[in-house]
Amino acid sequence: MNKPDAFTESIAEVSVAHASVAAEIHAVSQAAYTLEAKQIGCADFPPLRESLAQLQQSPDRFLGFQQSGRIVALLSFACSADALAITRLVVDPAFQRQGIATALLADPERRFPLASRWTVSTAARNQPAVQLDQRLGFTTAHATTSAEGIRLLHLTKARIWNVGKKTS
Ligand SMILES: CC(C)(COP(=O)(O)OP(=O)(O)OC[C@H]1O[C@@H](n2cnc3c(N)ncnc32)[C@H](O)[C@@H]1OP(=O)(O)O)[C@@H](O)C(=O)NCCC(=O)NCCS
């Protein structure tokens, strides 16, 4: 796996107000969510219903990971006074298992050092995401079941794991 810090320069905030950016984000999201739907055995996976127009209306902020000028992964989030909620984390299936999601999850700490609480939700059956989140220090706060019958874990951590930072 590549070191997440080596990826820092590939990550930049992007805006869905730009049609071409929104189209790239939509395409990556659809590809990753198609994989996730298969992994959790869900035929009607709500994130796959998101249209390009709905994405463009999103109030969230987006961090894109670019390779050769194309967005291949992204994290979206919503900020409140002291908390940061991760609302989407997707990596193009062709680019998975290279440490990109780890780098994207570490990046907001550099941008928002005052956010003291971080939250993320994922399907309980989504082993890759659960393993990733737990590895980065998130713990399950509570669980719910969606209208589609998907069991969701809501994870939190006091502060995101600081990749590569020395704690002397
Ligand atoms: C989950 C997801 C974001 C991970 O992206 P990624 O860039 O491949 O993740 P990383 O390379 O940073 O992986 C870090 C760790 O997460 C875990 N992990 C990631 N993918 C995994 C998989 N397919 N199976 C098991 N563990 C996995 C491993 O612990 C991995 O460390 P390792 O490669 O050293 O074993 C990606 O698989 C994805 O986009 N999935 C579809 C959408 C989704 O599930 N989003 C998350 C919802 S919150």
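Select from the stretch 103-128 the residues that are within 18 Å of residue 34 (Cβ to Cβ) and either more than 6 Å from the ligand (Cβ to nearest atom) or assigned to a strand (DSSP E or B) (or both) and list them in ascending order.
122, 123, 125 - these are the residues of the stretch 103-128 that are within 18 Å of residue 34 (Cβ to Cβ) and either more than 6 Å from the ligand (Cβ to nearest atom) or assigned to a strand (DSSP E or B) (or both).
Pairs please, first residue from the stretch 31-42 and of a type in the set (D, E, K, R), second anywhere and within 9 Å of the ligand (Cβ to nearest atom) and assigned to a helix (DSSP H, G or I), Cβ atoms under 8 Å, 6+ apart in sequence or on different chains.
Going by the 8 Å Cβ cut-off, the qualifying pairs are 36/47; 36/129.
Name the residues in the stretch 51-82 that are exposed (fewer than 14 other Cβ atoms within 10 Å of the Cβ) and either β-branched (Val, Ile, Thr) or touching a Ser or Thr at 6+ places or on another chain (Cβ under 8 Å) (or both), would you?
Hit for the stretch 51-82 is 82, nothing else.
Of everything in the stretch 129-139 that's crowded, with 20+ Cβ neighbours inside 10 Å and within 13 Å of the chain's Cα centre (by Cα), which residue is farthest from the ligand (Cβ to nearest atom)?
Top of the filtered list is 133.
Would you point out the residue of the stretch 105-128, among those that are hydrophobic (A, V, I, L, M, F, W, C) and modelled with pLDDT of 95 or more, that is surrounded by the fewest Cβ atoms within 10 Å (Cβ to Cβ)? Walk me through how you get there before you give the answer.
Of the stretch 105-128, the ones hydrophobic (A, V, I, L, M, F, W, C) are 105-106, 112, 114-115, 118, 120, 123-124.
From the residues that got through so far, the ones that are modelled with pLDDT of 95 or more too are 120, 123-124.
Numbers: 120: 24, 123: 20, 124: 16.
The selected residue is 124.
Could you check the stretch 73-102 and list, in sequence order, the residues that are within 7 Å of the ligand (Cβ to nearest atom) and either part of a loop (DSSP other than H, G, I, E, B) or acidic (Asp, Glu) (or both)?
Of everything in the stretch 73-102, those that are within 7 Å of the ligand (Cβ to nearest atom) and either part of a loop (DSSP other than H, G, I, E, B) or acidic (Asp, Glu) (or both) turn out to be 96, 97, 98, 99.
Is it the case that the stretch 52-64 has a residue that's in a loop (DSSP other than H, G, I, E, B), within 16 Å of the ligand (Cβ to nearest atom) and modelled with pLDDT of 95 or more?
Within the stretch 52-64 (the criterion being in a loop (DSSP other than H, G, I, E, B), within 16 Å of the ligand (Cβ to nearest atom) and modelled with pLDDT of 95 or more), the answer is yes, since at least one residue qualifies.
Give all pairs with beta carbons closer than 6 Å in which a residue from the stretch 74-102 that is at positive phi meets a residue that is near the ligand (Cβ under 6 Å from one of its atoms); count only pairs at least 6 apart in sequence or on separate chains.
Here the result reads 99/1, each pair linking the stretch 74-102 to a residue that is near the ligand (Cβ under 6 Å from one of its atoms).
The values are calculated or read from the model by the stated rules, or taken from the named source; none is laboratory data. Quantities reported herein were computed from a predicted structural model and do not represent experimental measurements. So basically every Cβ, Gly included, is an ideal-geometry build from the backbone, and we count neighbours across all protein chains shown.
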